[in-house]
1. Let me have the relative contact order for chain A, percent, based on Cα pairs under 8 Å that are six or more residues apart.
2. What FRET efficiency comes out for the pair B:Gln56/A:Lys355, r = Cβ-Cβ distance, R0 = 51 Å, nearest 0.05?
3. Compute the acute angle (0 to 90°) between the alpha-carbon long axis of helix A:121-132 and the principal axis of greatest extent of the alpha-carbon atoms of chain A; round to the nearest 10°.
4. How large is the translational diffusion coefficient of segment A:217-355 in µm² per second when you combine the Kirkwood radius over alpha carbon pairs with Stokes-Einstein at 20 °C and 1.002 mPa s?
5. What is the distance in Å between the Cα centroid of segment A:158-207 and that of segment A:239-300?
6. List, largest first, the extents of the alpha carbons of segment A:55-184 along their principal axes, each in whole Å.
7. Relative to the present Cα-Cα distance, how much length would full extension add between B:Thr109 and B:Lys64 at 0.36 nm per residue of separation?
8. Quick one: A:Met128, A:Met14, fewest Cβ neighbours within 10 Å first, how do they rank?
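Bear in mind these aren't lab numbers, they're just calculated from the coordinates by the rules spelled out. Remember, predicted model here, so these are calculated numbers, not experimental data. Cβ placement follows ideal geometry from the backbone for every residue including glycine, while neighbour counts extend to all protein chains displayed.
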Amino acid sequence: MSAETIETNQFAAMQKRLQTLTKVMTTQAPLALTAKETVWTLNKAKLYHYIPQVPKEQRHPVPLLLVFALMNRPYILDLRPGASFVEYMVKQGYDVYLLDWGVPGIEDKNLKFDDYTLEYMPRAIRKMKAVSGCEEFSLLGWCIGAILTSIYASLRPDDGLRNLILLTAPLDFSRKEELTFARWTDEKYFDVEKVLATFGNMPAEMIDYGAKALKPVENYVSNYLRLWDNLENPLVVESWHAMNTWVTDNIPLAGGAFRQLIVDLYRNDRLMKGELMIRGERVDLGRLRANLLAIIAESDHITPPCQTEPAVAKIGSADKEIYRVPGGHIGIMAGSGAAKRTWPHLDEWLAQRSK
Amino acid sequence: MSEEQGGKKVDPTEQLLAMREAYMNVWAKSMGEMVNTEAYAQQSGAVLDAFLTVSQPFKASLEKAMVNALQQLSMPTRPDFVSLAERLTNLEMRLDDMDGKLDRIERATAKVTTSAAPARPKAASPAKPNRARPAKKKARRGTK
């Protein structure tokens, strides 16, 4: 092969790499494609019902409601065909619902955990019960969604909740030396009121920076090097594109809820101390009676295992299990290993309790 | 691009990648430790505080000026929209409460209809339709 041909081939290959790079950096991947219908809305919140894909006789009768964090889009649970937890669960015969909190506007700056757990969740659950025709249900909460579901399950233990799944649940804030967020948001350095007086809600950009700054090299350098190294591998590029679309699609956190997260939880650990008050009711994790599965990501830098394990011990359920998975905060549910480890275990555990 | 070295093929690109990986790991570890220090928390807090100290009064005065200008032009302002949005959410909640009540009524009616259903085949005899009536009345009572 002549030197000129080699040069031309190299130029064409480089051009193709640059085209792929431009595409994944400047476009949004098609996500959240599992067929669904909207069955309920309130303010910005929506309840989606995923269309069943298996015959009725093969379906589990108890519906499953997914509740994700407040400051990220919930479609991480339905990322892309073949790599979607929702799609997997629908195919396993579950009647799946997803509560999307929506994007809070300035008019929602006073929304608190109180509103989310005692106004929005009970209404969405009521609608889910009406649509599914089943009085019992399972609940899956992830990250801050796990805080909300734990609060709800503790305050309303007789509402028909049969199974509770907590994913990377930040419930215990006592070991401050292991929590970088707790250090950053300490009252010595961080003025919550000043932030909220300026912005109303906690801006999405600040939340995004906070999450990425926990692992700056991985998020700002290694992540892009990984893409560059694999630009000729369509599988890696597709997966990277989907994840990048989700990671860059941030939403603000309602001011009231952010204040509670920082003051009540990060600074004062009120949930574990049994001092957290929601609309005048004390949240007692000991009152929670649903069957419990707590999934912990062993390399989670956002919610380290020490935030979940002690809380599980406090929860009053008779049937409880902790399942540890190798991986990070998001990777255990949306990474390449999720379909091999987390999802099958979750399905196995839930299937036995959804008859 | 590989070279023979002691009978073994050596790929310089792979060696460079391995070196880069090792360097990245060390860098990531040291940066991870650095952001988890009191000094970093203090510095980032100070930067944020300086930003807020400068931007808050500017933002507040800009908002005030905008409200005044819009009011002079008889145009709705942001607080007007916020209050409207809050009222709409309250209305939505009322509607949702009503929807909940309707669901309960539907369920109660369905229960009554189901419990009254076995009486239907017997309705062929002339005396029995009367028996079915109380059930219908019950259903009506349930809807109130």
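1. Result for chain A is 21 percent.
2. For R0 = 51 Å, the calculated efficiency reads 0.35.
3. 80 degrees
4. Rounded to a whole number, D works out at 119 µm²/s.
5. If you average the Cα positions of each part, the centres end up 7 Å apart.
6. The principal-axis extents, from largest down, are 52, 33, 31 Å.
7. The span from B:Thr109 to B:Lys64 would gain 10.7 nm if fully extended.
8. A:Met14, A:Met128
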